[in-house]
Each structure stands twice: as C-alpha cells, then as structure tokens.
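First the structure, in the form of structure tokens, and then the observations on it.
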Amino acid sequence: MSAPARALSQPLPQGKREDGSARPDIPVLRGLGVGARLGGSLRKLALALLGGIVLAAGACALLLPERFAVNAPLAHMLWGQGVGAPSEAEIGSRIRAAQGFSITLFAAELPGPRFLRPLPDGSLLVSLPKAGRIERLEPDRDGDGRSDDRSVVLADLNRAQGMDVSGGWLYVGETDAVGRIRFDPSTGRTEGAYDRLVTGLPAGGNHWTRTLRFGPDGLLYVSIGSSCNACEEDDPRRATIMRYRPDGSGGEIFASGLRNAVGFDWHPASGALFATDNGRDLLGDDFPPCELNLVVEGGFYGWPHANGANVPDPDFGEADPGLLARATPPAHPFGAHNAPLGITFVRSPDAPAALRGAALVALHGSWNRTEKDGYKVVSLHWRPDGSIEERDFVVGFELDEDVIGRPVDVAQGADGAFYISDDYAGAVYRVHADAAGTGTAAPSPAPATETTDEAQPPGDPTRGRSLYEANACAGCHEPERAAPGFVPVPLTSLSARYTIDSLASFLATPTPPMPVAPLDAAKRRDLATFLLSEHP
C-alpha cells in the first residue's frame, strides 16, 4: 500500500519550484517532444538517447507493416515529458475554438494535468498523477484571464486521476485504491484524515488510470482499464466499470468488455450513461475505431473478442462465440487510435443553442498510426433518429505532424465556460463564448421562492394536468405517447427529490435539452402540484 496521503492547502505560485526557487530558463526541445528543461551533459545524453529512439522508430516504419507504426511525441509516450504551454500567438493563430468561441490559457506549468472537477465558487480541482497531488486552481478574479493562484489539496497519492465531490467528501481514484476526505468546496479546504475506502484495485499494466464519478442513483462508479492491449484478463475487475456504495462497500462489476473507459458521464435529460473507450492497437491505421458506448447494467462491450461494430478480433474473436454474440456495439465510433478520454455533457441553460444537449470529448491523440490523428476536442450531437454527429470544437494541438498539446479532460465551470486539461503542455485552457456571440454565460440561478410550502397553498392539480397536456409533456415522459425513435424520460419518485417550490423553480430553468415552457409562477406551481400528485 502506498504512503498515507497528506491533506494540504499551501499556495504553489506558478513559475517556481515547490521549494520556492526559480525554474532555470533553459530552452524546451519542443520539436523533438522533450519538455524537460535539461542542461549540459544531461541534455546531450538525452538528445543522443532520443536520437537513437527516433532512428529506431524510423527503421521500424520502413521495415515493419503499418500495424506496427509508432508516430507520437516519443518523450511524452516513454517518460511522460511534455512541452511548455503554447504562446499567446500560437493560441491565437493555431489553436482555435469553434465559431463563436475564444480559447485562452487559464493555467500553465502544471506537471501533467489530467482530470478536472469544477467547484461552485468557480475554482477547479485538477489531478496531477505524476506528482501524486490534487490541486485547486483559483478562479480569475482580477480579470487577466488566468487562474489567480494554485494550492495543494492532497499530496502523496498513488497516481491519482479521477475525482468527485459528494456529501461533503472529496473522493479520489488512485491507481490501486479509492479514498475520500472531508472537503469544503467553497473554500477548498480538507478536514481530518484521508481514508482509503477501497484498496487492492488491480494496478500496473497498460492502463493505470482510475476515473470515478457519482451517478444520479447516488452510487460511486469507477472505471478500471485493461492490463494489456488485447488479452484474457485474470482479474475480472479489469476492463470494467465498477459500482460501489458511497462508503466503498458493495463493490460489483456494473459493465464489462470496456478496454479502457477513461471518461464517462450521464445524459442530463435521459439519465443514460455514456463512456468513452480506447480501441486496441496494432491492427492498422484505421482499425479498430475508438468508441462511445451507451453503458447499461450488466452490459458487455466486446473487448477483447470484438472490435468496433462487433467485428471479431483476429486474436480472440473465436475464443468464446457466446460472448461475441452478446457484445453491444458502440453508440458512436471515433477515429481509430484517437484515444477519447474525458467527456462532459453541456448542462448550462445559457449555453449556445447549438451545444445544448451535446457532449464534449477530449481526444488525446494517436500513437499507433503512420499519420497522427486526434489531438483535439470534439462535440457530439444527438440527432432525432438517435445517431450521433461529431464536430470539431477545439483544434490545432496537432498540425502537419507537429504536436503542441494533448487534451485529456473537458469540464464546464460554474461560469459556464469550458475548461480543457493538457498533460503534454502542462496547461489548462478556458473556452468561452465571444462577447458578441450567443453566449456561454453563467447559469441563471433558480428563482428564489418568497414563501415556504407551509405558508403558500399548493397549486391546482386540475389546471396542472391541462398545462401538462397543452405543453405536450407526455411526448417526452410517457413511453406509450412518445414519438417513434425517441427515448422518453420516465417521471418517477419526484417527491423524493422535490417539493412543490423546488420543482416549480426547476420548471423555470430546466436542465437542457428540456425546453422552458412559457409559464408564469402560478402556472409552474400548478404543474408542479400535478406532477407530484401523479408521480410521487
């Protein structure tokens, strides 16, 4: 077991080492993919070693088949070394966001930032697995576009990546454990000791990251990638998404056959769980695709027996015909070897109409292709027939085989902007709507209620029923009345989540893609009363 984690909240100014000394200003070997600042004989040794690797990779490209291609920032692949953050000129001219959006550098000089977790005060938690830390990035209060400060929240962690905040706890996914500590998201401060609730998770192997999130059911979901490219695992927890109670008990395999489901999130309207998954390597430039999977309890998603749309794997496809037959194909294919990682659904009611109900996905970028692909952030849009359209959202991290960034995670902050982590450039970017655009403004708060349920009488359920019918609510919530191909969202156990006041407030600013009905306060209260009486 790793050493106990330390809870901290010490400032960590950018541009300095942890001991306070200045970083030496030695040029970055960006063209060769080396981000370590080296000097003297050490730099010469690194150059010689890297030169040998480059020559070897070139020889492999000439002598071996396409499936064995190695084409990536080699120093990042081998040692986790990256480059410095791109300059303002590069961000303005090369790294570009979709029309109507601008991208700026929010934080730099972070050691391999991976996953992000926004907090209500506008700050961000960022995991730094190489450094064994979770840090907090302060919001930009002075208006210069950058995070105002950094502080360490937890240290001495074992390659921690995933994080979530629930019930006054900060949960952390280490490579071999899940832990938690008391946490105040308004201040970023921890209290008490860090407790590893789940220990003995399978560690090592090809895929060491552990992503965790709390689902709408209040349970904790943890992804555990495979130990290999393609193999039969000895530990059944490998290549799965696990599910636990908040106290770490009751661990069970929720879904399997997921080679490396690094990112997952729940659709805000349907509650469906979608997960990214990295397809296997060494089968050629364009096969198999990486995947977006609609993950259900007990589902099996193919690995290692099937790839893509249930194409039998050349090594394991015939090993178990029964498994191959019941494998669920992906909901959407990404490009082969694009390495989709973090995913988040757009939830802000003030997001531009084109993004409402969409998901943003970070593509870390390929290594096993003769030509690089990925290295960008894309948006996914659900069509009426259930198919998914993929569009570029932020591009330019790779240009003409030159790589200056590798997106890892994308999250929507309390200010409505989107934040992207980049473990190659050691940076976090902020993407926001242009001033003249249609706006990704801060989410509108729910209208305050002037009186309590006890002081104000309930609405009229009969009028509420009429409003329910007049606004065609049944088409979205009743399976027998939904349009063909539309997946309805059942109304169940509303009283466990809402009072009349809180449901009426929700109806004023519903979660996208639920539309805002043109109702005044009295009518929203009538509708809320009807819904709670019919679906308690």
| field | Mean-position separation - Cα centroids, segment 395-426 and segment 292-306, in angstrom | value | 28 Å
| message | Checking the cross-link filter: which aspartates and glutamates have an alpha carbon closer than 18 Å to that of LYS523, excluding same-chain neighbours under 8 positions apart? | response | GLU450, ASP453, ASP460, GLU469, ASP501, GLU534
| query | Which whole-Hz couplings ³J(HN,Hα) result when phi for each residue of segment 292-307 is put into the Karplus expression 6.51 cos²θ - 1.76 cosθ + 1.60, θ = phi - 60°, listed in order with x for Gly and Pro? | reply | 10, 10, 8, 9, 10, 4, x, x, 10, 10, x, 5, x, 7, 9, 10
| Just the Cα atoms of segment 326-392, one point each, no solvent: what log10 I(q)/I(0) does Debye give at q = 0.17, 0.26, 0.29 Å⁻¹? | -0.68, -1.16, -1.27
| remark: For the pair ALA203 and GLU88, the simple spin-label estimate (label points 7 Å beyond Cα toward Cβ) gives in nm 4.4 nm
| request: Could you estimate the translational diffusion coefficient of segment 83-433 from the Stokes-Einstein equation, with Rh from the Kirkwood formula over C-alpha pairs, at 25 °C and 0.890 mPa s, in whole µm²/s? | output: 121 µm²/s
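The numbers here are math on the coordinates, done by the rules we state, and not lab data. The model shown is predicted, which means the values in this text are computed figures rather than measured ones. Counting neighbours? That spans all protein chains shown, and the Cβs are built from the backbone with ideal geometry, glycine included.
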